[in-house]
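Since the structure comes first, as structure tokens, the remarks are kept for the end.
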Amino acid sequence: MPVVLYRVYLYRIYENIGSLSWILAGMGACLLGVSIPLQLKYARRKKDNNLLKNGLISAAAVPAAEPHSWFRLNFNLRLPGKNQVASFFSRLMKPSIIIGLLVIWALVLGSFYPVFLGFQKAEDMPLQIGNMLKAPSWQYPFGTDGYGRNYLLVILLLGRQTLGIAFGVSLISTILGTAIGVLCGFLQGVFDRVVSGILDLVSSIPSYFFIFLIIGLTGSSTSMIMVLSIFGVAELCRVVRAQVLAIRNFLFVEAAEAMGNSAVQIIVRHLLPNLLSLVWGQSMILVGRTMLLLCSLGYLNILSFPTWGSLVAESVKSSQYLSSWWTSIFPIAMIFVAVSAVYSVGKGVLRSFDPFAR
Amino acid sequence: MYGYLIRRFLTVLLLMWVMTVIIFGLASISGGGVDRLFPVNAVTPFDIVRHKGINETDTSPAQQYFTWLKNVFWGNFGNIASFRGDTVFDSVSEKLIPMFNASLLLVGTALLFLVILGFLLGTFAAVKPDHIATKIINFFCMVNTSIPDFAIAIILMMVFAVRLRLLPSSGMSDPLLYESNFWQHFLDRLRHLILPAITLSFTYVASFTEHVRKTISGILQQDYIRTARAKGLSGRIVLSKHALRNGLVPCLAAVFEC
């Protein structure tokens, strides 16, 4: 019983981690957007005041302090060498990224909509035999399924699992993969060789084969999620390691080393900010790929939780797709919309920070 | 060069050996033997041993593994057990050959389709990056990467087999075409091949097109292409003799990746 409880608990965490991660990411982005310009501004002012106190600059060079400007955001800071923050946000203002993010937000919020109606699972929705397989209409925008349920609500409900687990897997593998990749690229030597050898071995295993195997052996989807995370870690680690190796050769890292900065300082202040866009883009692409994989596995009906793929499988298996096209087309369309939104954000981020990406 | 080849060959051998160990280990862990599946009185100890594909004298896992490896090396993949009043064994190898032929036909056709389409689209997108057709190709690739492969199969089946009734939705040949000449059989096979081959190749055509486009557009920025242009060669000759020939090797590597 404790094992079962633990598994259910872990599964719930994975299910909710996606939505949680989004809320956290949104809050983090807001905090970052507020705090960094302010910090830069006040750091500059503090430095100026110190210089003024020591008589190194004239009082005319120091801008007057604005009273109570904490709530006012000023992205057009003209700080020499430190205006990366403003340019960071301005580079992200691309239609593909913004539309993609909006679509993802809409899907995430939409997947909570049935919860407000009191449906936690698709099984909670009442069976209405009279409503069976109704074509799309204003009352039922996506039609109804073989049990007479509103298909839009069913699809939105299953989106919670698909999106949540995909984002959760991506979050875990991004954090672990970035950490391991930075360490590999920065430390090099024996550690790098051993770890990247292991990860190369992992990434050379065919993922479908390995996932079937794990599900067949352990019978739980939680371990499958772990396996997905490990594959993601291998991929992220490879990309991050290559980028760290490239960044290490730049002069600013050498200068930071020459100034006596410790390894931690160099990693935190010089390597990680340069990796931010790459990691973000790659993790979004990983989300898309995980979503596709989850839907394929759901189509094969080997997961213990339903995804959009299992709706397609149900429609195909019961031959409903021959007469009622909406039972298979709408889940497919939902997969397409979600995955292409995630991909467009990821590729947009990668492209806007890599001038050589074609 | 030879040292590199030998090293690669040894790596492949090592990898294959590791795979055999993994597969044998998993097969022996996974259970599901005849003693569990069939009625007890229909299964003798000899059946169990025979189903596992080992000798009766093999007791330790290592011995069983070597027997199994020897059998696999000589093309004996063990037996499938089925229950028809009594436990009956059929050789896996004999069942495998027609399946292998069918897969080979399907994969070969899909690969041919993939290579032709990928090369055409990728080269066009690389040569004319601002053309409106290139934008259509990019959109097609985007759609293709974000739709799962089973969805393509279902949509094609719904359109061509169910709605339009042009092509068959399953099977390899029409059983009603029993007495007919070679060409009718050939066309029938072709009709059955179209949908699965398109589905199989569509799962990879986007990534392959992207790869070809990146390779060719990288080559087109090289110095020797500019030299060839400066010599006064026409764009078509530069493309076919200088760019495509150099792009062939990395693109072929990508084909094998698919």
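Taking every residue in A:211-218 and counting other chain Cβ atoms within 10 Å of its Cβ, the average works out to 1. Helix B:61-73 axis versus longest C-alpha principal axis of chain B: approximately 60°, rounded to the nearest ten.
Packing here is the average count of other Cβ atoms within 10 Å per residue, and on that basis the peptides A:293-299, B:111-117, highest first, run A:293-299, B:111-117. Peptides A:135-146, B:162-173 ranked from most to least packed by the mean count of surrounding Cβ atoms within 10 Å: A:135-146, B:162-173. The mean number of partner chain beta-carbon atoms within 10 angstrom of a residue's beta-carbon across peptide A:281-294 is 1. Evaluating kT/(6 pi eta Rh) at 20 °C and 1.002 mPa s, with the Kirkwood radius of the range A:258-358 over Cα pairs in the Stokes-Einstein relation, gives 132 µm² s⁻¹. Count the net charge of all other residues whose Cβ sits under 13 Å from the Cβ of A:PRO126, scoring Lys and Arg as +1 and Asp and Glu as -1. Summing Lys/Arg as +1 and Asp/Glu as -1 gives -1.
Over the range A:118-231, the ratio between the Cα radius of gyration and 2.2 N^0.38 Å evaluates to 1.60.
Helix B:92-127 and the longest principal axis of the Cα set of chain B meet at an angle near 10°.
Mean per-residue shielding of peptide B:140-152 is 6, counting Cβ atoms of other chains within 10 Å of each Cβ. Counting every C-alpha pair in the range A:165-262, the share spaced more than 19 angstrom apart comes to 50%. Here the peptides A:230-240, A:216-226 are ranked by packing, the mean other Cβ count within 10 Å, and the order with the highest first is A:230-240, A:216-226.
The range B:149-198 gives an Rg/Rh value of 1.02, both radii derived from C-alpha positions and Rh following Kirkwood. From its DSSP helices (H runs of at least four residues, each -39,500 (n - 2.57)), chain B gives a residue-normalised ellipticity at 222 nm of -22500 deg cm²/dmol.
A:ILE285 sits among other residues whose Cβ lies under 10 Å from its own Cβ, and their net charge, with Lys and Arg +1 and Asp and Glu -1, is +1. Taking a ≥ b ≥ c as the square roots of the eigenvalues of the alpha carbon gyration tensor, the range B:194-247 is prolate, as a/c is not under 1.5 and a/b beats b/c. Taking amide hydrogens as placed 1.01 Å from N in the peptide plane, the amide H of A:LYS134 sits under 5 Å from those of A:THR144, each at least 5 positions away in sequence or on another chain. Across the range B:97-255, C-alpha contacts under 8 Å between residues 6 or more apart give a mean separation that, scaled by the residue count, equals a relative contact order of 33 percent. Shape summary of chain B, radius of gyration then Dmax from alpha carbon positions: 25.9, 86 Å.
Here, each number is a calculation from the coordinates, and none is a lab measurement. Everything numeric in this text was worked out from a predicted model, so none of it was measured. With ideal geometry, Cβ positions are generated from the backbone for all residues, glycine too; neighbour counts draw on all protein chains shown.
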